[in-house]
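For reference, the structure discussed in these notes is given below.
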Amino acid sequence: MTDLLLVENLQQIFGGKNRTHAVDDVSFRIPKEPTIVSMVGESGSGKSTIARIILGLLRPTAGRVLYEGVDIFTGDRAWNREFRAAVQAVFQDPYSVYNPVYKAERVLKIVIRKFGLAKSKAEAQARMEEALQAVDLRPEEVLGRHPHQLSGGQRQRLMLARVYLMRPRLIIADEPVSMIDAGMRASFLNILKDFRDEQGISTLFITHDLSTAMYLGGEIIVLYQGRIMERGRTRDVMHDPLHPYARLLISSIPTPDPQQRWEEALSPNRFEEASHSLPTGRERCLFSDRCPDVMDRCLQARPNLGAPDLADSHPPDREVACFLYQ
Amino acid sequence: MPALLEICGLTAGLQSRRAITPVVSNVDLDVQPGEILGVVGESGCGKSTLAAAIMRLLVTPQVLQSGSATLRIDDDKAYDLLNLSENDLRQLRWRHLSYIPQGSMNSLNPVLRVERQMTDALLQRGLSKKEASDRAIAALELVSLEARLLDSYPHELSGGMRQRVIIAAAVSMHPTLIVADEITTALDVVTQRQILQELAAIRDELGATIIIITHDMGVVAQIADRVAVMYAGEIVEVGSVSDIFQQPLHPYSQGLIASIPRESGQRVEGLPGEAPSPWNYPAGCRFHPRCPKVFGRCREHAPASQPQGPDRWVACHLYDQETASDD
């Protein structure tokens, strides 16, 4: 069976003289079964660039993105139209996606018109109300209002209502909850889970906030400087991270429980200030300069992503790019 | 022990041509010497306005309407920060009061070296060049940065390092009180953890008192000793960090803590409704339209903050002394 989405050896290099490897040989798949895949990493780890490539907004330097087995940059017009309906985006900023001059529901009306989702005005209205209910918005609190009259949480859920109208196969959500209030985050995440369970819609959820990834479950991909360091089921990775970077990242989550505080102080990055003495080049483990378990090998070659070689049996579908496990 | 800072009836608002819209209303809050107090709330609840008001750094159209904030230092001296002359205030700033506003890591001057920016205020205080430079180096050490950094320009530093330079500058005079507003919001989790732990170490080493303003319940749980929960311009509950997280009393605090996403298996619900803006704060308790436990009195009378056990305050009619039988 072909995958819903297959990302193969994706590479994105920006700039002429000072080349930046934003994405460096990234491969992963999203299966046909409805699922949520979280992609986590700090700023600059390449996660948004990957999202833009998958959405077809950016052509990669190398590598391919296959949607149901077809390269997304080779499709004809009809295929592109279908692809654009099947893969929907939700972006970070719930303010800048709206035109402030128009009423907020315009984002729903355009979709209904462009994709011919309703035959009459009454049907269009019914469609809109159904979509709003699917994202826990009362029609009267949104319809007829302008974007500035809605909160960030309402605006972001309205984007999900728009997605719901399209009934896509896949949502690419790039930091969708980082600008909405804590109280509203859980509702937004619940909608994504409901979409998966009730509508069969998968999500690629991009975030720097590991606690939201934990709540969503599914699978997780940990990125660092454009490379995948570790991937596997979210539960497995969060409870037993293997890669030293994943361990550092997960132990740094500020757990909202005063009984579970950070214990020892984290030593500052050993090489952070000494940028000139840093090992350079990319034919090494990119985390080697911060890694507490660094070995000579780590500076000489790049570790490939593969199943970890562990004494006891490891959970299925787990991959890590670290010489400690090879 | 008397409070280091005693805030009484602080009210601040936004001035328009006709009227003043209150943003922060009637805040009473004690800050104990040597503690880390976390002020939490959703965006727009007035927590940054409260911080700026204490520091007397409100800018038009923000105006201070009433209240006092008494700072007690050196055993017997007390100063009302809200009614002090600019001149007297300047004597306190930096030596006793330090403020790290939101986004200040982006306020370093790009064309000046770090040293010049860190020693500027120290030289103003009458320190010699050598003394100022030594102090700057000592302050950088507190945040795990090397002295070498004094020669760099801001663009050569990462975001986390710039934030550390700002913190170092703020603590270089060993201030009594530090107010830190969202200092780790733009940073990744690893850097956030390092900076918060350094801040806690500064409290231990310098004996400073810290007010940390944040929207992130995780940050509060990790480093605060006590927590004040703000909603719609008011402080609705104050208590120790363990009380607030284990037994929140105010329905808003309860909702805030219940809505934290945790493990995938346990579904949590968000707080229903939206926080009001200062232009439409509801009558009575400001939380009543969203409150699952609302009853008659809440719609008409604003609850006063009342003690609930040692070092615990809550502003909610559920805890009124006489029972709610009259409704």
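For the list (1) more than 14 Å from every other protein chain (Cβ to nearest Cβ); (2) at pLDDT below 90; (3) out of contact with any His (no Cβ under 7 Å at 6 or more places or on another chain), I need the number of the one condition that residue A:282 fails. So the condition that residue A:282 fails would be (3). In the same structural domain as residue B:232 (by TED's automatic domain parsing) and at pLDDT below 95, is that true of residue B:68? Judged against the criteria, residue B:68 is not a match. Looking across region B:268-290, the residues that are within 13 Å of chain A (Cβ to nearest Cβ), under 26 Å from the mean Cα position of the chain (by Cα) and over 17 Å from residue A:156 (Cβ atoms) come down to B:276, B:277, B:279, B:280, B:287, B:290. For region B:35-57, the criterion of being surrounded by fewer than 17 Cβ atoms within 10 Å (Cβ to Cβ), over 15 Å from the mean Cα position of the chain (by Cα) and assigned by TED's automatic domain parsing to the domain that holds residue B:284 is met by no residue. Listed by position, the strands (runs of 3 or more DSSP E) inside region B:1-97 whose residues that are not charged (D, E, K, R) number at least 3 are B:5-15, B:20-31, B:36-40, B:62-73.
Charged (D, E, K, R), surrounded by 13 or more Cβ atoms within 10 Å (Cβ to Cβ), under 27 Å from the mean Cα position of the chain (by Cα) and not in a strand (DSSP E or B): does that describe residue B:135? Here the answer is yes, as residue B:135 does meet what is asked. Across region B:104-115, the number of residues qualifying as surrounded by fewer than 15 Cβ atoms within 10 Å (Cβ to Cβ) and closer than 17 Å to residue B:178 by Cβ comes to 1.
A Cβ distance below 6 Å, combined with a sequence gap of six or more or placement on separate chains, defines the contacts here; from region A:36-64, residues that are in contact (Cβ under 8 Å) with a residue 12 or more places away in the chain reach residues that are among the basic types (Lys, Arg) in the pairs A:36/A:196; A:39/A:47; A:41/A:47; A:58/A:52. Of A:123, A:82, all but one fail to be closer than 30 Å to residue A:27 by Cβ and of a type in the set (Asp, Glu); the exception is A:82. Comparison of A:53, A:13 shows that the only residue that is among the hydrophobic types (A, V, I, L, M, F, W, C), surrounded by 15 or more Cβ atoms within 10 Å (Cβ to Cβ) and closer than 21 Å to residue A:166 by Cβ is A:53.
The values are calculated or read from the model by the stated rules, or taken from the named source; none is laboratory data. Model, not experiment: these values are computed from the prediction. In this analysis, Cβ positions are derived from the backbone assuming ideal geometry, glycine residues included, and neighbour counts consider all displayed protein chains.
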